[in-house]
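Data first, discussion second: the structure below is written as structure tokens.
The values are calculated or read from the model by the stated rules, or taken from the named source; none is laboratory data. Since the model is a prediction, treat every value here as computed from it, not as a measurement. Here the Cβ is made from the backbone with ideal geometry for all residues, glycine too, and neighbour counts use every protein chain on show. Quick note on the areas: whole protein, heavy atoms, side chains included, nothing else; ligands and nucleic acids left out. Shrake-Rupley method; radii C 1.70, N 1.55, O 1.52, S 1.80 Å.
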Amino acid sequence: MANEDQFKKVISHAKEYGYVFQSSEIYDGLSAVYDYAQNGAELKKNIRDYWWKAMVQMHDNIVGIDASIFMHPTTWKASGHVDAFNDPLIDNKDSKKRYRADVLVEDYCAKIESKIEKEIKKAQKRFGDAFNKDEFVSTNPRVLGYQEQINTILKRLGQSLEKEDLADVRALIEGLEIACPLSGSREWTEVKQFNLMFGTKLGASAEHAMDLYLRPETAQGIFVNFLNVQKTGRMKIPFGIAQTGKAFRNEIVARQFIFRMREFEQMEMQFFIKPGTQMDWFKHWKEERMKWHLSLGMGEDNYRFHDHEKLAHYADAATDIEFKFPFGFKELEGIHSRTDFDLKQHEEFSGKKLQYFDHEDNASYTPYVLETSIGLDRMFLAVFANSLVEEELDNNTTRTVLKLPAVLAPTKAAILPLVKKDGLPEIAQQIVDDLKWDFNVTYDEKDAVGRRYRRQDANGTPFCITVDHDTLEDNTVTIRHRDTMEQKRVKIEDLRDIIKAEVDVKHWLKKMQ
Ligand code: ATP
């Protein structure tokens, strides 16, 4: 299947089987905003739990918090988001200087404007007192030509910005042969819009309302709580603070389904370390996070590291774990050595010390931070897209199967009475009632059993348990495995252990060791 077709199939399967819906679909949706449906919410929760257990439960020195989406607005001044994330920016590759793309174009227009001024001055001189400026600018062909040029350029700029067509803003800059005022070079990078933060207001009266932002990353909630957690948890460096939660970015290029959303969820961990040890920890967390991904068995070849050459202002090392999505290798998780930038900035803006007293060294210092940051929605897409397969069967038919790692599957088992009579539904219901204490299970009696198997395959359910007439005699049932389609006769009383062996978090996370 071509990649594009595969991706279309992923999107339609996600809808058809109750995983992901477009937000407010009855109103034609909202761009790059999605809702998780009944199965999607379970899958998402299971991914979140799998991350949380690996990061928090399995580490004595990592604790979790749940900070608010709203934060004091100064947070975003300190973090740099207010100043650096506001405009469509373009870099000159030679001078490495950064410009506002719209300002470059406007400056270009201002130069044309000055040519008009020159024409006016020349004419004034020539015609003396008889000069009528209004008439001149509305009739002189040269002035009209310049004005037309300005109008065309500004119109195109306005439309491109409106449509968020940043490629066209760049094309405009290149087409006009705008050069870097510093180096004279015309080698430009892509235009990037950094106006990512959503603003809102706190307070009822317009006069006293305070401008707030919806957080564009969860990390800052951890930095501002660093000392509170360190003191109340009596944490000793090195230690980590983890958190999962919503983040909001007014993304300019928002497409590719849930890969890039305006409202999304992050799973982040900030690891506080002694300055100078960051490269060792960087290596450690790179390995550790890759092991977590590989534990899910989604194929080693589907992952790769992409080390950053161009580093963000706060980082001294950074890498992405990229995953092979249906549209190619793309960032799934970022691992960043953030130095002491954030804590230092918060110290400066709050006037409060955010230092750690190291008893071993008998000295205080601002810790360095190693961050792991993964998008929950992107992880969802990676898991979902990778699991969806069309399988050719021996009898020349195909089946659609969602081979979700069993630990993440929304429903672990479907209990199916072979027929809707002879007491079989009652036994099946009894099995559901017993198993639901431990797992998400479902009951299904509609259609022939073969069709029910297919339905559960497409839904990603790892086990189907069929109750038939033999069950009445010997208390055994047939258990069918989703991936192998293998069927076995087992005792009802053994079901719990059989399922647990395959869906238990421990069974999967152990692979990391
Ligand atoms: P990208 O370059 O793809 O925009 P980023 O470098 O801005 O991502 P980070 O700020 O490092 O991303 O955020 C950490 C993680 O959060 C990313 O690796 C990604 O999984 C996730 N993420 C970031 N932006 C979005 C978004 N708009 N929608 C969904 N997930 C996102």
Is it the case that some residue within region 31-44 is on the phi > 0 side of the Ramachandran plot and surrounded by fewer than 16 Cβ atoms within 10 Å (Cβ to Cβ)?
-> no
Name the one entry in 89, 30, 43 that is in the same structural domain as residue 379 (by TED's automatic domain parsing), closer than 30 Å to residue 161 by Cα and aliphatic (A, V, I, L, M).
-> 30
Log entry, pairs with first residue in region 335-350 being touching a residue at least 24 places away in the same chain (Cβ under 8 Å), second being basic (Lys, Arg) and away from the ligand (no atom under 16 Å from the Cβ), beta carbons closer than 9 Å, six or more apart or on different chains, reads 345/77; 346/352; 349/77
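On the given criteria, is residue 256 open to solvent by 40 Å² or more (accessible area, probe 1.4 Å) and within 11 Å of the ligand (Cβ to nearest atom)?
Working: open to solvent by 40 Å² or more (accessible area, probe 1.4 Å): yes; within 11 Å of the ligand (Cβ to nearest atom): yes.
Yes.
Residues checked against (1) over 30 Å from residue 242 (Cα atoms); (2) open to solvent by 90 Å² or more (accessible area, probe 1.4 Å):
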{"position": "134", "(1), (2)": "yes, yes"}
{"position": "178", "(1), (2)": "yes, no"}
{"position": "184", "(1), (2)": "yes, no"}
{"position": "214", "(1), (2)": "no, no"}
{"position": "220", "(1), (2)": "no, no"}
For residue 327, the lone unmet condition from (1) of a type outside the set (Gly, Ala, Ser); (2) within 16 Å of the ligand (Cβ to nearest atom); (3) open to solvent by less than 10 Å² (accessible area, probe 1.4 Å) is (3)
Selection within region 326-351 - at pLDDT 95 or above and either out of contact with any strand residue (DSSP E or B) (no Cβ under 6 Å at 6 or more places or on another chain) or not in a strand (DSSP E or B) (or both) = 340, 341, 342, 343, 344, 345, 346, 347, 348, 349, 350, 351
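Within the bounds of region 263-285, is there any residue that is near the ligand (Cβ under 10 Å from one of its atoms), within 28 Å of residue 6 (Cα to Cα), open to solvent by less than 50 Å² (accessible area, probe 1.4 Å) and modelled with pLDDT under 95? Show your work before the answer.
Of region 263-285, the ones near the ligand (Cβ under 10 Å from one of its atoms) are 263-268.
Narrowing the set further to residues that are within 28 Å of residue 6 (Cα to Cα) leaves 263-267.
If we keep only those that are open to solvent by less than 50 Å² (accessible area, probe 1.4 Å) too, we end up with 264-267.
Of the ones still in play, those that are also modelled with pLDDT under 95 are none.
Within region 263-285, not a single residue is near the ligand (Cβ under 10 Å from one of its atoms), within 28 Å of residue 6 (Cα to Cα), open to solvent by less than 50 Å² (accessible area, probe 1.4 Å) and modelled with pLDDT under 95.
Quick check on this structure: which one of 166, 144 is in contact with a Ser or Thr (Cβ under 9 Å, 6 or more places away or on another chain), surrounded by 16 or more Cβ atoms within 10 Å (Cβ to Cβ) and at pLDDT 90 or above?
Values: 144 fails: surrounded by 16 or more Cβ atoms within 10 Å (Cβ to Cβ).
Testing whether each residue is in contact with a Ser or Thr (Cβ under 9 Å, 6 or more places away or on another chain), surrounded by 16 or more Cβ atoms within 10 Å (Cβ to Cβ) and at pLDDT 90 or above leaves just 166.
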Go through region 330-362 and give me each residue that's farther than 23 Å from residue 80 by Cα and either within 16 Å of the ligand (Cβ to nearest atom) or open to solvent by 40 Å² or more (accessible area, probe 1.4 Å) (or both).
-> 330, 332, 357, 359, 360, 361, 362
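Residues to consider are 409, 428, 414, 382; find the one that is away from the ligand (no atom under 16 Å from the Cβ), touching a strand residue (DSSP E or B) at 6+ places or on another chain (Cβ under 7 Å), open to solvent by less than 10 Å² (accessible area, probe 1.4 Å) and not in a strand (DSSP E or B). Before you say what the answer is, go through the steps one by one.
Values: 409 fails: touching a strand residue (DSSP E or B) at 6+ places or on another chain (Cβ under 7 Å); 414 fails: not in a strand (DSSP E or B); 382 fails: away from the ligand (no atom under 16 Å from the Cβ).
Going through 409, 428, 414, 382 in turn, the sole match is 428.
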Output the residue which, of all residues in region 290-324 that are farther than 26 Å from residue 5 by Cβ and aromatic (Phe, Trp, Tyr), is least open to solvent (accessible area, probe 1.4 Å).
-> 292
Breaking point among (1) small (Gly, Ala, Ser); (2) surrounded by 14 or more Cβ atoms within 10 Å (Cβ to Cβ); (3) out of contact with any helix residue (DSSP H, G or I) (no Cβ under 9 Å at 6 or more places or on another chain), for residue 448 | (2)
Residue within region 465-486 that is acidic (Asp, Glu), at pLDDT 95 or above and surrounded by 16 or more Cβ atoms within 10 Å (Cβ to Cβ) present | yes
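Considering only residues of region 366-379 that are under 17 Å from the mean Cα position of the chain (by Cα) and open to solvent by 10 Å² or more (accessible area, probe 1.4 Å), which is nearest to residue 286 (Cα to Cα)? I'd like the intermediate steps shown before the answer.
We begin by selecting, within region 366-379, every residue under 17 Å from the mean Cα position of the chain (by Cα); these are 371-379.
When the remaining residues are screened for being open to solvent by 10 Å² or more (accessible area, probe 1.4 Å), the result is 373, 375, 378.
Numbers: 373: 11, 375: 16, 378: 18 Å.
Going through the qualifying residues, I end up with 373.
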Qualifying positions in region 433-455 - in a strand (DSSP E or B) and polar (S, T, N, Q) | 442
